[in-house]
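This structure is in C-alpha coordinates; I'll ask about it shortly.
The values are calculated or read from the model by the stated rules, or taken from the named source; none is laboratory data. The structure displayed is predicted, hence computed values, not measured ones. Here the Cβ positions follow ideal geometry from the backbone for every residue, glycine too, while neighbour counts run over all protein chains shown. Remember, those area values only see protein heavy atoms, side chains included, never the ligands or the DNA or RNA. Shrake-Rupley method; radii C 1.70, N 1.55, O 1.52, S 1.80 Å.
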Amino acid sequence: MDQQGSSRTPARRRLVLWRHGRTAWNVENRAQGQADIPLDPVGRGQARAAAPALASFEPAFVWSSDLQRARHTAQELASLTGLEVRLDARLREYDVGIRQGTTFAEFRESHPEVYARFFSQEDYRVPGAELPSEVDERMTAVLTDAAAALDEGRTGVLVGHGAALRSGLAAFLGVPPRLRDMFAGMANCAWTVLQEHPHRGWQVADYNARTLPGVSSALADEMPVHHVSKNAEPAG
(Lines give C-alpha, C1' and ligand atoms only; values in the text may rest on other atoms or scores of the structure.)
Protein backbone atom coordinates (compact mmCIF):
# COMPACT_ATOMS: atom_id res chain seq x y z
CA MET A 1 0.00 0.00 0.00
CA ASP A 2 1.38 3.43 -0.91
CA GLN A 3 1.78 6.27 1.54
CA GLN A 4 -1.50 7.94 0.60
CA GLY A 5 -3.45 4.72 1.13
CA SER A 6 -1.63 3.62 4.26
CA SER A 7 -3.23 3.79 7.66
CA ARG A 8 -1.31 3.93 10.90
CA THR A 9 -2.06 1.17 13.41
CA PRO A 10 -2.49 2.79 16.83
CA ALA A 11 -0.01 1.71 19.48
CA ARG A 12 -1.82 -0.54 21.90
CA ARG A 13 -2.68 0.29 25.47
CA ARG A 14 -1.83 -2.22 28.20
CA LEU A 15 -2.89 -2.96 31.74
CA VAL A 16 -0.53 -5.03 33.88
CA LEU A 17 -2.08 -6.72 36.92
CA TRP A 18 0.65 -7.52 39.44
CA ARG A 19 0.12 -9.66 42.52
CA HIS A 20 2.00 -8.80 45.71
CA GLY A 21 4.99 -10.77 46.99
CA ARG A 22 4.86 -13.60 49.49
CA THR A 23 3.68 -13.28 53.09
CA ALA A 24 3.90 -15.62 56.06
CA TRP A 25 0.19 -16.34 55.71
CA ASN A 26 0.71 -17.34 52.07
CA VAL A 27 3.19 -19.94 53.28
CA GLU A 28 0.66 -21.24 55.83
CA ASN A 29 -2.22 -21.14 53.29
CA ARG A 30 -4.24 -18.83 55.53
CA ALA A 31 -6.97 -16.63 54.05
CA GLN A 32 -5.61 -13.10 54.34
CA GLY A 33 -8.56 -11.16 53.03
CA GLN A 34 -8.16 -7.54 54.07
CA ALA A 35 -5.96 -8.30 57.08
CA ASP A 36 -2.94 -6.03 56.70
CA ILE A 37 -0.27 -8.75 56.60
CA PRO A 38 3.28 -7.62 55.62
CA LEU A 39 5.57 -9.17 53.05
CA ASP A 40 7.97 -11.72 54.45
CA PRO A 41 11.70 -11.58 53.52
CA VAL A 42 11.10 -13.79 50.48
CA GLY A 43 8.22 -11.57 49.37
CA ARG A 44 10.35 -8.45 49.63
CA GLY A 45 13.01 -10.16 47.53
CA GLN A 46 10.40 -11.23 44.97
CA ALA A 47 9.19 -7.65 44.61
CA ARG A 48 12.73 -6.32 44.13
CA ALA A 49 13.51 -9.02 41.56
CA ALA A 50 10.30 -8.50 39.58
CA ALA A 51 10.34 -4.69 39.58
CA PRO A 52 12.87 -4.31 36.71
CA ALA A 53 10.68 -6.49 34.48
CA LEU A 54 7.66 -4.31 35.18
CA ALA A 55 9.76 -1.16 34.73
CA SER A 56 10.64 -2.33 31.22
CA PHE A 57 7.01 -1.65 30.27
CA GLU A 58 7.73 2.05 30.97
CA PRO A 59 4.48 2.44 32.89
CA ALA A 60 2.55 5.67 32.85
CA PHE A 61 1.25 5.05 36.35
CA VAL A 62 1.27 2.59 39.25
CA TRP A 63 -1.93 2.05 41.22
CA SER A 64 -2.01 -0.19 44.26
CA SER A 65 -4.19 -1.64 46.94
CA ASP A 66 -3.63 0.26 50.17
CA LEU A 67 -2.83 -2.96 52.08
CA GLN A 68 0.86 -3.00 52.94
CA ARG A 69 1.77 -6.24 51.14
CA ALA A 70 0.60 -4.70 47.86
CA ARG A 71 1.78 -1.18 48.68
CA HIS A 72 5.33 -2.28 49.48
CA THR A 73 5.43 -4.42 46.32
CA ALA A 74 4.32 -1.41 44.25
CA GLN A 75 6.94 0.79 45.90
CA GLU A 76 9.74 -1.35 44.47
CA LEU A 77 8.52 -0.44 40.98
CA ALA A 78 7.91 3.17 41.89
CA SER A 79 11.48 3.55 43.12
CA LEU A 80 12.80 2.42 39.72
CA THR A 81 10.45 4.51 37.61
CA GLY A 82 10.19 7.68 39.68
CA LEU A 83 6.41 7.33 39.71
CA GLU A 84 4.28 7.97 42.76
CA VAL A 85 2.08 5.05 43.82
CA ARG A 86 -1.62 5.90 43.79
CA LEU A 87 -3.44 3.95 46.50
CA ASP A 88 -6.92 2.67 45.69
CA ALA A 89 -8.91 0.58 48.17
CA ARG A 90 -10.88 -0.94 45.29
CA LEU A 91 -7.78 -3.06 44.56
CA ARG A 92 -7.94 -4.73 47.97
CA GLU A 93 -8.31 -8.47 48.37
CA TYR A 94 -11.73 -10.01 49.02
CA ASP A 95 -13.07 -9.27 52.47
CA VAL A 96 -13.34 -12.93 53.51
CA GLY A 97 -15.26 -12.43 56.75
CA ILE A 98 -15.03 -15.34 59.19
CA ARG A 99 -12.56 -17.14 56.89
CA GLN A 100 -9.87 -14.58 57.67
CA GLY A 101 -6.80 -16.11 59.27
CA THR A 102 -7.92 -19.71 58.72
CA THR A 103 -6.76 -22.49 56.44
CA PHE A 104 -9.42 -24.32 54.45
CA ALA A 105 -9.09 -27.29 56.82
CA GLU A 106 -9.68 -25.04 59.85
CA PHE A 107 -12.59 -23.31 58.12
CA ARG A 108 -14.21 -26.66 57.27
CA GLU A 109 -13.81 -27.88 60.85
CA SER A 110 -15.13 -24.75 62.55
CA HIS A 111 -17.93 -23.88 60.09
CA PRO A 112 -18.87 -27.04 58.14
CA GLU A 113 -22.24 -25.76 56.88
CA VAL A 114 -20.78 -22.44 55.72
CA TYR A 115 -17.87 -24.29 54.14
CA ALA A 116 -20.26 -26.51 52.15
CA ARG A 117 -22.29 -23.55 50.91
CA PHE A 118 -19.13 -21.61 50.08
CA PHE A 119 -18.12 -24.31 47.61
CA SER A 120 -21.58 -25.08 46.22
CA GLN A 121 -23.29 -21.70 45.76
CA GLU A 122 -22.14 -19.30 43.06
CA ASP A 123 -22.60 -15.95 44.82
CA TYR A 124 -22.72 -16.98 48.46
CA ARG A 125 -21.92 -14.51 51.22
CA VAL A 126 -19.70 -16.01 53.90
CA PRO A 127 -20.71 -14.33 57.19
CA GLY A 128 -18.97 -10.97 57.40
CA ALA A 129 -17.55 -11.22 53.86
CA GLU A 130 -18.11 -9.52 50.52
CA LEU A 131 -20.18 -11.22 47.87
CA PRO A 132 -18.10 -12.35 44.87
CA SER A 133 -20.35 -10.13 42.72
CA GLU A 134 -19.43 -7.12 44.90
CA VAL A 135 -15.74 -7.82 44.34
CA ASP A 136 -16.42 -8.13 40.60
CA GLU A 137 -18.14 -4.73 40.65
CA ARG A 138 -15.36 -2.82 42.38
CA MET A 139 -12.58 -4.52 40.43
CA THR A 140 -14.31 -3.89 37.10
CA ALA A 141 -14.72 -0.25 38.10
CA VAL A 142 -11.04 0.26 38.93
CA LEU A 143 -9.83 -1.55 35.80
CA THR A 144 -12.22 0.53 33.69
CA ASP A 145 -10.95 3.74 35.30
CA ALA A 146 -7.34 2.66 34.77
CA ALA A 147 -7.97 1.91 31.10
CA ALA A 148 -9.63 5.30 30.65
CA ALA A 149 -6.58 7.00 32.19
CA LEU A 150 -4.22 5.53 29.58
CA ASP A 151 -3.13 7.39 26.47
CA GLU A 152 -2.48 5.52 23.23
CA GLY A 153 0.41 3.08 23.51
CA ARG A 154 0.85 3.51 27.26
CA THR A 155 0.87 0.94 30.06
CA GLY A 156 -0.65 1.12 33.52
CA VAL A 157 0.34 -1.20 36.38
CA LEU A 158 -2.20 -2.20 39.03
CA VAL A 159 -0.86 -3.97 42.12
CA GLY A 160 -3.24 -6.14 44.08
CA HIS A 161 -4.12 -9.56 45.41
CA GLY A 162 -4.49 -13.00 43.93
CA ALA A 163 -8.19 -13.76 44.31
CA ALA A 164 -9.43 -10.24 43.59
CA LEU A 165 -7.18 -9.84 40.54
CA ARG A 166 -8.29 -13.18 39.14
CA SER A 167 -11.97 -12.37 39.67
CA GLY A 168 -11.55 -8.81 38.46
CA LEU A 169 -9.80 -9.90 35.28
CA ALA A 170 -12.62 -12.30 34.43
CA ALA A 171 -15.33 -9.76 35.25
CA PHE A 172 -13.62 -7.00 33.25
CA LEU A 173 -13.47 -9.31 30.22
CA GLY A 174 -17.06 -10.46 30.68
CA VAL A 175 -16.20 -14.08 31.42
CA PRO A 176 -19.23 -15.82 33.00
CA PRO A 177 -18.64 -17.11 36.56
CA ARG A 178 -19.10 -20.75 35.48
CA LEU A 179 -16.05 -20.46 33.20
CA ARG A 180 -13.70 -18.67 35.58
CA ASP A 181 -12.00 -21.83 36.79
CA MET A 182 -10.14 -21.81 33.47
CA PHE A 183 -7.87 -19.17 35.04
CA ALA A 184 -5.30 -20.67 37.39
CA GLY A 185 -4.42 -18.73 40.51
CA MET A 186 -1.69 -16.12 40.15
CA ALA A 187 1.62 -16.81 41.87
CA ASN A 188 3.15 -14.35 44.32
CA CYS A 189 4.69 -11.44 42.39
CA ALA A 190 3.46 -12.79 39.04
CA TRP A 191 1.64 -10.49 36.64
CA THR A 192 -0.94 -10.61 33.87
CA VAL A 193 -0.83 -8.39 30.80
CA LEU A 194 -4.01 -7.14 29.14
CA GLN A 195 -3.56 -5.54 25.75
CA GLU A 196 -6.18 -3.64 23.78
CA HIS A 197 -6.80 -4.93 20.27
CA PRO A 198 -8.11 -2.29 17.83
CA HIS A 199 -11.03 -4.48 16.77
CA ARG A 200 -11.42 -7.16 19.46
CA GLY A 201 -11.11 -5.06 22.61
CA TRP A 202 -9.08 -6.06 25.66
CA GLN A 203 -7.29 -9.41 25.43
CA VAL A 204 -5.06 -11.47 27.71
CA ALA A 205 -1.60 -11.17 26.18
CA ASP A 206 0.22 -12.91 29.04
CA TYR A 207 -0.97 -14.62 32.22
CA ASN A 208 0.81 -15.47 35.46
CA ALA A 209 4.09 -14.23 33.99
CA ARG A 210 7.25 -14.33 36.06
CA THR A 211 9.91 -13.69 33.43
CA LEU A 212 11.19 -10.62 31.65
CA PRO A 213 8.89 -9.40 28.88
CA GLY A 214 10.61 -9.60 25.51
CA VAL A 215 10.03 -9.51 21.80
CA SER A 216 7.91 -12.41 20.66
CA SER A 217 6.74 -13.68 17.30
CA ALA A 218 3.47 -12.47 15.85
CA LEU A 219 0.36 -13.93 17.41
CA ALA A 220 -1.42 -16.54 15.35
CA ASP A 221 -4.52 -14.43 14.83
CA GLU A 222 -2.39 -11.49 13.75
CA MET A 223 -0.71 -13.36 10.88
CA PRO A 224 -1.72 -12.40 7.33
CA VAL A 225 -4.31 -14.60 5.66
CA HIS A 226 -2.64 -17.61 4.08
CA HIS A 227 -4.19 -18.40 0.71
CA VAL A 228 -3.69 -22.08 -0.12
CA SER A 229 -3.65 -23.17 -3.73
CA LYS A 230 -6.25 -25.79 -4.60
CA ASN A 231 -3.42 -27.87 -6.04
CA ALA A 232 -1.19 -27.60 -3.00
CA GLU A 233 -0.02 -30.82 -1.34
CA PRO A 234 -1.28 -31.36 2.21
CA ALA A 235 1.26 -30.88 4.96
CA GLY A 236 2.97 -34.05 6.05
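On average, how much accessible surface per residue is there in the stretch 116-159, in Å², for a 1.4 Å probe, leaving out ligands, DNA and RNA?
In whole numbers, the stretch 116-159 has 48 Å² accessible per residue.
Decide, for the stretch 9-128, between rounded, prolate and oblate: order the square roots of the alpha carbon gyration tensor eigenvalues as a ≥ b ≥ c, take rounded if a/c falls under 1.5, and otherwise choose prolate if a/b is larger than b/c, else oblate. Write out the running numbers ahead of the final one.
Details: a/c = 2.80, a/b = 1.88, b/c = 1.49.
Prolate.
Here is a further query. So what J values fall out for the stretch 39-55 if you push phi through Karplus, 6.51 cos²θ - 1.76 cosθ + 1.60 with θ = phi - 60°, rounded to Hz, Gly and Pro as x?
For the stretch 39-55, the Karplus curve yields 5, 8, x, 5, x, 5, x, 4, 5, 5, 6, 7, 4, x, 5, 5, 5 Hz.
Under the 0.36 nm per residue contour assumption, what length would be gained going from the current alpha-carbon distance of GLU152 and MET182 to full extension?
Answer, rounded to one decimal: 7.8 nm.
While we're here: Ordered by packing density, taken as the mean number of other Cβ atoms within 10 Å over each peptide's residues, highest first, how do 137-143, 118-124 rank?
137-143, 118-124
Rounded, prolate or oblate, given the Cα gyration tensor of the stretch 30-93, with a/c below 1.5 counting as rounded?
Values: a/c = 2.53, a/b = 1.37, b/c = 1.84.
The shape class here is oblate.
Also: When you take every Cα atom in the stretch 78-136, what is the radius of gyration, and what is Dmax, the widest Cα pair distance, in Å?
16.0, 50
Net charge near MET139, counting Lys/Arg +1 and Asp/Glu -1 over other residues with Cβ under 10 Å of its Cβ? Display every interim value, and only then the final one.
Values: positive: ARG90, ARG92, ARG138, ARG166; negative: GLU134, ASP136, GLU137.
Computed value for this residue: +1.
Would you mind working out the accessible area per residue for the stretch 1-108, using a 1.4 Å probe, and quoting it in Å²? Please list the in-between numbers first.
On the way: 5390 Å² over 108 residues.
Normalised by residue count, the accessible surface of the stretch 1-108 is 50 Å².
Pulled fully out, how much extra length does the chain show between LEU80 and GLU58, if you take 0.36 nm times their separation in residues and subtract their Cα-Cα distance? Before the final figure, lay out each step's value.
Working: separation 22, 0.36 × 22 = 7.92 nm, distance 1.01 nm.
Full extension from LEU80 to GLU58 adds 6.9 nm.
Same structure, new question: How large is ³J(HN,Hα), in whole Hz, for each residue of the stretch 64-80 in order, when computed from phi with the Karplus curve 6.51 cos²θ - 1.76 cosθ + 1.60 and θ = phi - 60°, using x for Gly and Pro?
Going residue by residue, I get 9, 3, 7, 6, 4, 5, 7, 4, 6, 5, 4, 5, 4, 6, 4, 5, 7 Hz, with x marking Gly and Pro.
Now for a separate question. Taking H as built 1.01 Å from N, whose amide H comes closer than 5 Å to the amide H of ARG154, not counting residues under 5 places away?
For ARG154, the qualifying residues are ARG14.
Continuing with the same structure: Given labels modelled 7 Å from the Cα in the Cβ direction, how far is it in nm from ALA116 to ASN29?
Here the modelled spin labels are 2.2 nm apart.
Could you tell me whether the stretch 150-195 comes out rounded, prolate or oblate from its Cα gyration tensor? Rule is a ≥ b ≥ c as square roots of the eigenvalues, rounded for a/c under 1.5, then prolate if a/b exceeds b/c, otherwise oblate. Intermediate values should be presented prior to the final figure.
On the way: a/c = 2.49, a/b = 1.39, b/c = 1.79.
Oblate is the answer for the stretch 150-195, as a/c is 1.5 or above yet b/c matches or exceeds a/b.
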